[in-house]
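Peer 1: This is the structure I have questions about; it appears just below.
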Amino acid sequence: MKDHAAVKAALRAMRIETPSWAYGNSGTRFKVYAQAGVPRDAYEKVADAAMVHRLTGAAPSVALHIPWDRVDDYADLARFAVDQGIRLGAINPNVFQEDDYKLGSVCHPDATVRRKAVDHLLECVDIMDATGSKVLSLWFADGTNYAGQDSIAARQDRLADALREVYDRLGPDQRMLVEYKLFEPHFYTMDLPDWGTSYAHCVALGDKAQVLVDTGHHAPGTNIEFLVTVLHRFGKLGGFHFNSRNYADDDLMVGAADPFQLFRIAHELVRADAIRPDSGVEYMLDQCHNLEAKVPALIRSVLNVQEAVAKALLVDADALAAAQQAGDVLAAHAVLMDAFSTDVRPLLAELRTELGIDPDPIAAYHAGGYQQQIEATRTGGRQAGWGA
Ligand code: RM4
Ligand code: MN
Ligand code: MN
C-alpha cells in the first residue's frame, strides 16, 4: 500500500469542476420539478458552486452554459466568482434549443443556420476571453432520424468546416473539448456519436482540440477505462463530464450507479499520472438532480469522485506490476480489488481536517443553514432550469 501522505497530497491537488446547470431545476421530458431555493441567475449559481467548494475544498471552478448563464458583463461575473472563492471554468455553448436547429446546428443543410450556430460558438470564445476560461466544451445535438434524411458525408464536411473556423479563433492557451454521444436527441445518426469520430476530428484540427468523455454517452457495455487509456496515450484525452447511468444519458450522481466503474477509470488515470491539475485532463461533472436537493447532491458527487480516486491512489503499483509480469492473473486482480475494498473515508476525513474544513461536508452543509437561507431569500424572480 502507498504511503498516506502521498495519497493525500495527490487528493489535495485534484480539482473537480461543477456545472452551473446542475444547480437549476431539471427533470425529464415528462416533468421538470421545481425546488425551493434554486438560483435565479448565474450569480446565484456561482454562489452555490462556491458553497460546494468551501465545504469540499476540491471544486474551485464552475462551468457555464450559454445562453442559460447569459449576463450583461462576463468580467463582472468572473470577479464575483473570485470574490466568492472560485473561478469560472469551461464555457459550454448551446446550439440545440432553438427552432432553427431542428435539423442540426453546424451540420444543418441550410448555410444560414450553420452560420448562426458558428457565430454562437465564436461568441462563446469571446466570453472565454472575458472570463479567463481556458476550455470551450462542445456538444452538438446534431443528427438525423431516418435513413436518407440527409447526407452523412456532407454533414461530416459541414462539421469539420465549423470546428475549423472555431478552432482557428481560439487563443494560444485556449482549448476546445469535443464531446460525443451515441444517440438522443436523434435516433438514426448522431454526427458525433462516439469517441472515434471525436478523436478523428480532433486529430485533423490540431493540438488545441481534444476529446471530452461524458461517462453517460456510450452504448451499454462499453469499456470506458479502455477508451480513456487509449485517448490519453495519443494525447487526446481533454477531460470528463462525470455522471452515472443505468440506462442511457441518465445524468445521475457520479459513482452512484457503478462505483466500481468509476474506480477502474480512476485507476487508469492515476497510472497515467493524469490526476494532477497540470496534466491537462479536466475533471468536470455534468449531472441533473431531478429529485434530490442540488447543493448537497453536488457535494456528494465531489466526495464520490474523491473516494474513487483515493482508492485508485492506494493501488500497490509495484505489486501489480510484479503480478502482471509474472502472468499471475488472480494476484494482479487481487491487488486492484484490495484497493477498491479499502474504506477511504477516514483518510479523506483526515485530509479535510488538515485542510481546515469539516471532515463531513454533507453534515456541515445541513448544519450550516445555507439551504434555509437560500429557500428564504430566493423568492420571486424566475428560477433557473432546463432551458433557462
Ligand atoms: C448533453 C451533453 C452536454 C450538456 C447538455 C446539457 O447531453 O451531455 O455536455 O451540456 O446535455
Ligand atoms: Mn456532457
Ligand atoms: Mn449528457
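The values are calculated or read from the model by the stated rules, or taken from the named source; none is laboratory data. Note that the structure is a prediction, hence the values are computed from the model and not measured. Virtual Cβ from ideal backbone geometry, glycine too; neighbours counted across all protein chains shown. Just the protein is used for accessible areas: all its heavy atoms, side chains included, with ligands, DNA and RNA removed. Shrake-Rupley method; radii C 1.70, N 1.55, O 1.52, S 1.80 Å.
Peer 1: Per residue, how many Å² of accessible area does the chain show with a 1.4 Å probe?
Peer 2: Numbers: 16630 Å² over 388 residues.
Dividing the accessible area of the chain by its residue count gives 43 Å².
Peer 1: Whenever you get a sec, line up Ile275, Ile357 from highest to lowest accessible area (probe 1.4 Å, protein heavy atoms).
Peer 2: On the way: Ile275 15, Ile357 35 Å².
In descending accessible area the options line up as Ile357, Ile275.
Peer 1: In cubic angstrom, how much convex hull volume per residue do the alpha carbon atoms of the chain span? Write down the numbers at each step before the final one.
Peer 2: Details: hull volume 55.1 nm³, N = 388.
It is 142 Å³ per residue.
Peer 1: Could I ask something else about it? Hand me the trypsin sites (Lys or Arg not before Pro) from region 116-171 located in a DSSP loop with no more than 16 other Cβ atoms within 10 Å, in residue order please.
Peer 2: Values: sites: Lys116, Lys134, Arg155, Arg158, Arg164, Arg169; in loops: Lys134.
Answer by residue number: Lys134.
Peer 1: Compute the FRET efficiency between Arg276 and Tyr146 as 1/(1 + (r/R0)^6), taking r as their Cβ-Cβ distance and R0 = 56 Å, and round to the nearest 0.05. Present the calculation step by step, with values, prior to reporting the outcome.
Peer 2: Numbers: r = 46 Å, r/R0 = 0.83.
Using R0 = 56 Å, I get an efficiency of 0.75.
Peer 1: Spin-label point model (7 Å from Cα, Cβ direction): what's the Asp318 to Thr112 distance in nm?
Peer 2: Once both label points are built, they end up 7.0 nm from each other.
Peer 1: Using amide H atoms built in the peptide plane, which far-off residues or other-chain residues are under 5 Å from Val135 H to H?
Peer 2: Close amide H contacts, sequence-distant or interchain: Ile91, Arg175.
Peer 1: Next question. Evaluate E = 1/(1 + (r/R0)^6) for Phe187 and Tyr33, where r is the Cβ-Cβ distance and R0 equals 41 Å; express this FRET efficiency to the nearest 0.05. Walk me through the intermediate numbers first.
Peer 2: Values: r = 26 Å, r/R0 = 0.64.
E between Phe187 and Tyr33, to the nearest 0.05, is 0.95.
Peer 1: Relative contact order of the chain: what whole-number percent is it, with Cα pairs under 8 angstrom and at least 6 residues apart? Working shown, then result.
Peer 2: On the way: 704 pairs, mean separation 83.8, N = 388.
With pairs under 8 Å counted, the relative contact order is 22 percent.
Peer 1: Sticking with this structure for a sec: Explain nothing, just compute: Karplus ³J(HN,Hα) = 6.51 cos²θ - 1.76 cosθ + 1.60, θ = phi - 60°, for every residue of region 164-177 in order, whole Hz, x for Gly and Pro.
Peer 2: After applying 6.51 cos²θ - 1.76 cosθ + 1.60, I find 4, 4, 6, 4, 5, 8, 5, x, x, 10, 10, 10, 10, 10 Hz.
Peer 1: I would also like to ask the following. Report the semi-axes of the equivalent ellipsoid for region 260-388 in whole Å, largest first, where each axis is √(5λ) for an eigenvalue λ of the Cα gyration tensor. Kindly include the intermediate steps, with their values, before the conclusion.
Peer 2: Numbers: eigenvalues 276, 60, 32 Å².
Gyration-tensor ellipsoid for region 260-388: 37, 17, 13 Å.
Peer 1: Please give, to one decimal in nm, the separation of the simple spin-label points placed at Glu350 and Asp73, each 7 Å out from Cα toward the Cβ.
Peer 2: 4.8 nm
Peer 1: Here is a follow-up. Considering the zone a paramagnetic label at Leu291 would reach in this model (a point 7 Å from Cα along the Cα-to-Cβ line), which residues of region 236-252 have amide N under 13 Å from it?
Peer 2: Under cut-off, by backbone N: 246, 252.
Peer 1: How many percent of the accessible area of the chain is carbon or sulfur, using a 1.4 Å probe?
Peer 2: Values: 9050 of 16630 Å².
Carbon-and-sulfur percentage of accessible area, whole number: 54.
Peer 1: Exactly which chymotrypsin sites (Phe, Trp or Tyr not before Pro) in region 112-218 are in a DSSP loop and have at most 16 other Cβ atoms within 10 Å? Kindly include the intermediate steps, with their values, before the conclusion.
Peer 2: Values: sites: Trp139, Phe140, Tyr146, Tyr167, Tyr180, Phe183, Phe187, Tyr188, Trp195, Tyr199; in loops: Trp139, Phe140, Tyr146, Tyr180, Phe183, Phe187, Tyr188.
Of the chymotrypsin sites (Phe, Trp or Tyr not before Pro), the ones in loops of region 112-218 whose Cβ has at most 16 other Cβ atoms within 10 Å are Tyr146, Phe183, Phe187, Tyr188.
Peer 1: One quarter of the convex hull surface, Cα atoms only: what value does that give for region 81-139 in nm²? Write down the numbers at each step before the final one.
Peer 2: Details: hull surface 17.7 nm².
Seen from a random direction, the Cα hull of region 81-139 projects 4.4 nm² on average.
Peer 1: Of the trypsin sites (Lys or Arg not before Pro) in region 3-46, which ones lie in a loop per DSSP and count no more than 15 other C-beta atoms within 10 Å?
Peer 2: Working: sites: Lys8, Arg12, Arg15, Arg29, Lys31, Arg40, Lys45; in loops: Arg15, Arg29, Lys31, Arg40.
For trypsin sites (Lys or Arg not before Pro) across region 3-46 that sit outside H, G, I, E and B with at most 15 neighbouring Cβ atoms in 10 Å, the list reads Arg29, Lys31.
Peer 1: Can you give the extra length, in nm with one decimal, that the chain gains between Ala9 and Leu330 once fully stretched, where that is 0.36 nm per residue apart less the Cα-Cα distance?
Peer 2: Details: separation 321, 0.36 × 321 = 115.56 nm, distance 3.04 nm.
Value of the extension gain: 112.5 nm.
Peer 1: While we're on this one: Have a look at the DSSP beta bridges in region 135-220 and tell me what percent are antiparallel, nearest 5.
Peer 2: So the antiparallel bridges in region 135-220 amount to around 20 percent.
Peer 1: So, one more: Give me the distance in nm between label points sitting 7 Å out from Cα along the Cα-to-Cβ direction at Phe226 and Asp360, one decimal.
Peer 2: 4.2 nm
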